[in-house]
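Have a look at the structure below before the remarks.
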Amino acid sequence: MDAVIAGFGSFGTLGIWIALVIGLIIGYFIGAVPGLGPSLGIALLIPFTYGMDPRSALVMLIALYMAAEYGGAITAILLNSPGTAAAVPTSWDGYALTRKGKAELALAVSIISSFAGVLTSALLLMLTAVPLSEVALKFGPAQYAALALAGLCLVALISEGSMVKGLVAITLGLALATVGMDVQTGVPRFSPSPDFFEGLPLVPVLLGLYALSEVLFMISEGPSGKKPTEHLARMLTLPLSTLRRLSAPILRSSLIGYALGVIPGAGTVIASFASYGIAKRISKTPEDFGNGSLEGIASSEAANNAAVSGSLAPLLALGIPGSGTGAILIGALMIHGLQPGPLLFTRNPEIPYTIMASLFVGAPLMLLVGLGGGGLWARVTALPRQVIATAVFLVCIVGAYASENAMFPVYVMCAFGVIGYIFRLLQIPLAPVVLSLILGEMLEVNFRRAFVQARGDMSVYLTDPLTMILLVGCVLCFAGPAWSWLRSASARPRVRHDP
Amino acid sequence: MSDKALKPEAHAPSGEPRNGITLEVRTRLPDLVVAAAILAAFVAYTIAALRIPAPYTNDDVGPGAFPLMVAVFGVLGSLGLAVGPLLGMIRGTPQDTVIINRYPQVFAAALLLMLGAVLFDRIGAVASLVPLGLAMLWLGGERRVMQLIIVPVALAAGVYAAFAYGLDVPLP
């Protein structure tokens, strides 16, 4: 209870409030612009947090994450161009309402549903993160290694593109994680020059893969044409009767979103689509879905914002990110000298509780900014694409340099920018690469520590029940789809050659 | 690439009409090329991993064990990546297509990234950010003269001020 009070007590300083508001505003902007997204936003904002107090930095980044997930709904509703993938179901009904002249109603429903999703899931996070961390404290190195591996395999299974591409992405990330001096023996590995001894710098890799690759895609799409902006009321409102009618779908979707957000790799996109699908299936008026159903908007938005908190649960309690964006948040924690995982609750309890408090405090602010700023966000959607590409490019160059006050990170970022572009063109997913890069050290350290503790006995991975279950799960992640592929290949009709 | 075609005026994912030269690429050959490149990288990685010193004690697997395990899966994965396109070639199945709109500008932008990295340190932040911003804006398709002057100057000034004065980051 003291730690909870300490978490909320962090908001006694003006700096934290400023960080929260800045994170929310930038998050809305990032989410509203198609192509940017919370992962890119957090990667871009990390360099700005180098000199900040860790609590302020994390509050700003979490606020950005929360607001960006909502911000994607703005363009989804107004322009049928979702700012984030999780807002796609929102666009099906939101844009239909805009065409009927009810854009304000759609926006109001989306922001209120998002608010409810964040609040519900923040409460669930507070109730589940601590027990989860206490269970994790009992884990040994073998269990941790197996857990990290299982998380990576699940991400590869669920991520976009083929399963083989997911596996390749994981191995690439793990290979990149081994660059630099070995933590336990000090032996330099895969380091052609001393620049590589500290390993690949994380922030420039993230900036390159997410931000610079997106700049190249924006260049490819060319200049954006003049978009008509909706004229919205200064303050969005929603009738109480409508709110009452939507309360059950919002609560149900929040629970679904949180549960799916906890699963590594599932994230906000799957939560949003799954919740929309379930809502349509059990609705009394399924024919309204896709034609302007408020229930559809509410289900999608409540779930995708609830998944934000859901993804924080394994991140804080286990040190395993629940999503690609979560992996970047882990990078932010590490940059500020914090190691996510169960020990965070004992060594730096103010950090996880400040993060949880920021969800409770940030949600009402997010609601106010969203309801009061509808017209402003509508204008944001009209920003020319070429200007956004230029701005992101300049921030990346300076941000990468600022990470180490050296040019090496800038070169790394540019290389990964081109690699990220090629990977995205060929549908090789980036989230497994980032997750493996971040989890690779944890996986290797615990893998080797388990052997040292067992004095070189490999059976340590086969005798513990939890480790066995996790390792079998890893095998099934690939064996299952491989078996399905073999069966479908053998079921293809054979060509019969008649004599 | 033998399967390339130049097609103007195809539609962008956003629904806006495309402008500029479009490169339509059948993905089988690029998939094979990328698979081969990743395979070559993992073979080199394996060779480097084999050169890592052995462990000092029998209890530890040493700094080379984990990279070797990663290398094995990496080689297998990249071989798996090549299997799909190869099978497709043998069976003659239809290929996926990737459309790269304005590909000369994309290529130039990729080169601009490298140039930016070189110039930033050599001629300084202020002297490099404005022309880099101008070049990127022009590659992005902006042709209005006032925007080409004002936007890069404003963006460069804003980014420089935010880092140099707001965050006290010493820039070259």
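Please list, by residue number, everything in region B:143-172 whose backbone N is under 16 Å from a paramagnetic label point 7 Å out along Cα→Cβ of residue A:198.
Only B:169-171 fall inside the zone, counting backbone N under 16 Å.
What FRET efficiency would be calculated for the residue pair residue B:44, residue A:4, taking the C-beta separation as r and a Förster radius of 56 Å, to the nearest 0.05? Present the calculation step by step, with values, prior to reporting the outcome.
Working: r = 51 Å, r/R0 = 0.92.
According to the calculation, E is roughly 0.65.
Of the listed pairs A:102/A:280; A:100/A:280; A:138/A:165, which have alpha-carbon separations greater than 29 Å here?
Details: A:102/A:280 21 Å; A:100/A:280 21 Å; A:138/A:165 34 Å.
Pairs exceeding 29 Å: A:138/A:165.
So what is log10(I(q)/I(0)) for region B:61-158 at q = 0.12, 0.17, 0.18 1/Å, when the Debye sum runs over its Cα atoms only?
Debye output, listed in q order: -0.71, -0.82, -0.85.
For the protein assembly as shown, what is the charge dipole size about the Cα centre, in debye to the nearest 20, if Lys and Arg each add +1 at the Cβ and Asp and Glu each add -1 at the Cβ? Provide the component values of the computation, followed by the final result.
Details: 38 positive and 35 negative charges, 330 e Å.
With only Lys, Arg, Asp and Glu charged at Cβ, the dipole is about 1580 debye.
Between residue A:334 and residue B:93, with labels modelled 7 Å along Cα→Cβ, what's the label distance in nm to one decimal, could you check?
3.7
Nearest 10 degrees is fine. How inclined is helix A:294-318 to the longest principal axis of chain A, computing both from alpha carbons?
So the inclination is approximately 30 degrees.
Could you check the spin-label model distance between residue A:237 and residue A:138? Points 7 Å from the Cα along Cα→Cβ, value in nm.
For residue A:237 paired with residue A:138, the spin-label model returns 5.5 nm.
Against the longest alpha carbon principal axis of chain A, how many degrees, from 0 to 90 and to the nearest 10, is the axis of helix A:88-99 turned?
Helix A:88-99 and the main axis of chain A meet at about 10 degrees.
What's the longest uninterrupted piece of chain A once you rule out the trypsin sites (Lys or Arg not before Pro) that are loop residues per DSSP with at most 16 other Cβ within 10 Å?
Working: sites that count: A:100, A:138, A:226, A:234, A:284, A:455, A:494, A:496.
Counting at most 16 other Cβ atoms within 10 Å as exposed, the longest clean stretch of chain A is A:285-454.
Find the Cα radius of gyration of region A:66-223, compare it with 2.2 N^0.38 Å by division, and give the number to two decimals.
Details: Rg = 21.6 Å, N = 158, 2.2 N^0.38 = 15.1 Å.
Ratio of Rg to 2.2 N^0.38 Å for region A:66-223: 1.44.
Step through the residues of region A:60-66 one at a time and calculate ³J(HN,Hα) from phi using the Karplus curve (6.51 cos²θ - 1.76 cosθ + 1.60, θ = phi - 60°), rounding each to whole Hz and writing x for Gly and Pro.
3J(HN,Hα) across region A:60-66, in whole Hz: 5, 5, 5, 4, 4, 4, 4.
Between region B:125-172 and region A:307-322, how many Å separate their Cα centres?
About 37 Å separates the Cα centre of region B:125-172 from the one of region A:307-322.
Can you tell me what percent of all Cα-Cα pairs in region B:102-172 are more than 21 Å apart?
Details: 726 of 2485 pairs.
That fraction is 29 percent.
I want to verify the translational diffusion coefficient of region A:262-405 in µm²/s; compute it with Stokes-Einstein, Rh as the Kirkwood radius over Cα pairs, at 10 °C and 1.306 mPa s. Provide the component values of the computation, followed by the final result.
Numbers: Rh = 18.2 Å.
Rounded, D is 87 µm²/s.
Semi-axes of the equivalent ellipsoid for region A:232-347, please: Cα gyration tensor eigenvalues, times 5, square-rooted, ordered largest first, whole Å. Don't jump to the answer; show the numbers that get you there.
Working: eigenvalues 220, 48, 27 Å².
Working through the eigenvalues yields semi-axes of 33, 16, 12 Å.
I'd like the FRET efficiency for residue A:281 and residue A:123, computed as 1/(1 + (r/R0)^6) with the beta carbon distance as r and R0 of 35 Å, rounded to 0.05. List each step's numbers first, then the result.
Values: r = 26 Å, r/R0 = 0.76.
With R0 = 35 Å, the Cβ-Cβ based efficiency is 0.85.
How big, in percent, is the set of alpha carbon pairs in chain A lying more than 43 Å apart?
Percent of Cα pairs beyond 43 Å in chain A: 15.
I need B:61, B:126 ordered by Cβ neighbour count within 10 Å, fewest first.
Working: B:61 20, B:126 13.
With the fewest neighbours first, B:61, B:126 line up as B:126, B:61.
Rank the residues A:182, B:121 as a footprinting-exposure proxy: fewest other Cβ atoms within 10 Å of their Cβ go first. Don't skip to the end; give the middle numbers.
On the way: A:182 20, B:121 15.
In increasing order of surrounding Cβ atoms, one gets B:121, A:182.
Helix A:385-404: angle to the longest alpha-carbon principal axis of chain A, degrees 0 to 90, nearest 10?
40
Given the DSSP H assignment, sum -39500 (n - 2.57) over each helix run of at least 4 residues in chain A and divide by its residue total; what's the result at 222 nm in deg cm²/dmol, nearest 500?
Numbers: 22 runs with 358 residues, N = 499.
Result for chain A, helices only: -24000 deg cm²/dmol.
Please arrange A:369, A:418, B:83, B:98 by how many other C-beta atoms lie within 10 Å of their C-beta, fewest to most. Please list the in-between numbers first.
Working: A:369 21, A:418 18, B:83 11, B:98 15.
By the 10 Å Cβ count, ascending: B:83, B:98, A:418, A:369.
Every number in this text was worked out from the coordinates using simple rules, so none of it is lab data. Computed from a predicted model, the values in this text were never measured in an experiment. All Cβ positions, even for glycine, are placed from backbone atoms using ideal geometry, and neighbour counts span all protein chains on display.
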